[in-house]
Amino acid sequence: MNMQQVNALNGQLGNLSQLMNQNGERRMILENSLAMAKSHLSAVKPPEVVAHNDKVNSLNSQIEALELQILRLKDRITDDHPDMIAAREQLAFLTKQRDAALKAKPVVGDSKYDPTTATADRMNAEDNIANINTQLNALSLEASQYRKQIASVSGAIKTYEGRLVGLPSNQKEYDD
């Protein structure tokens, strides 16, 4: 009877070891996913940079439109015409603003996102990281439970093996 219980406990111990190995494999996969998600997050531009780039792009669009307008005006009016002078002054003003914006570096604040200003890409990356961390925490709890069960089963095996050591040899053979 004791040997059957030891064998059953050894089978249970093997199953728990296999579950621990699977837990470790899932942990490794999630840690790789977490590293990739963090890499993706670092590649996402902060809202300050996006706003800065949008401003520069807007100025570039305005400059291009004004240059086209000046080309059309050249066909109809002279360079001394007030409309041409105003268009060139506006072009100089916009060019100056764009150049100043290009020289100015955007001020990037705290790396944690503010949901009111964060981009969708940044929020998705943050959510992905939070989900992976939650899964990693669940795996840690699961591994802790497995370790407790392994310790319990190992203790029971030692108890039964201790009893078997005390039995006479013919009793051991009888139990087999």
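The values are calculated or read from the model by the stated rules, or taken from the named source; none is laboratory data. Note that the structure is predicted; figures quoted are calculated from it, not measured. Cβ atoms come from the backbone with ideal geometry, glycine included; neighbour counts cover every protein chain shown.
Kindly establish whether R88 is modelled with pLDDT of 90 or more, within 30 Å of N137 (Cβ to Cβ) and surrounded by 12 or more Cβ atoms within 10 Å (Cβ to Cβ).
So R88 does not fit the description; no.
Can you confirm whether the stretch 1-8 contains a residue that is more than 43 Å from the chain's Cα centre (by Cα), closer than 30 Å to A156 by Cα and loosely packed, with under 11 Cβ neighbours inside 10 Å?
Yes, the stretch 1-8 contains a residue that is more than 43 Å from the chain's Cα centre (by Cα), closer than 30 Å to A156 by Cα and loosely packed, with under 11 Cβ neighbours inside 10 Å.
Any residue at all in the stretch 17-31 that is more than 24 Å from T134 (Cβ to Cβ) and either assigned to a helix (DSSP H, G or I) or without any contact (Cβ under 8 Å) to a residue 24 or more places away in the chain (or both)?
yes
Just one of (1) over 30 Å from I129 (Cβ atoms); (2) surrounded by 13 or more Cβ atoms within 10 Å (Cβ to Cβ); (3) among the small types (G, A, S) trips up A37, so point out which.
Exception for A37: condition (1).
Between Q62, Q18, Q5, which is over 22 Å from A138 (Cα atoms) and either at pLDDT 90 or above or in contact with a Leu (Cβ under 7 Å, 6 or more places away or on another chain) (or both)?
Criteria check complete, one pass: Q62.
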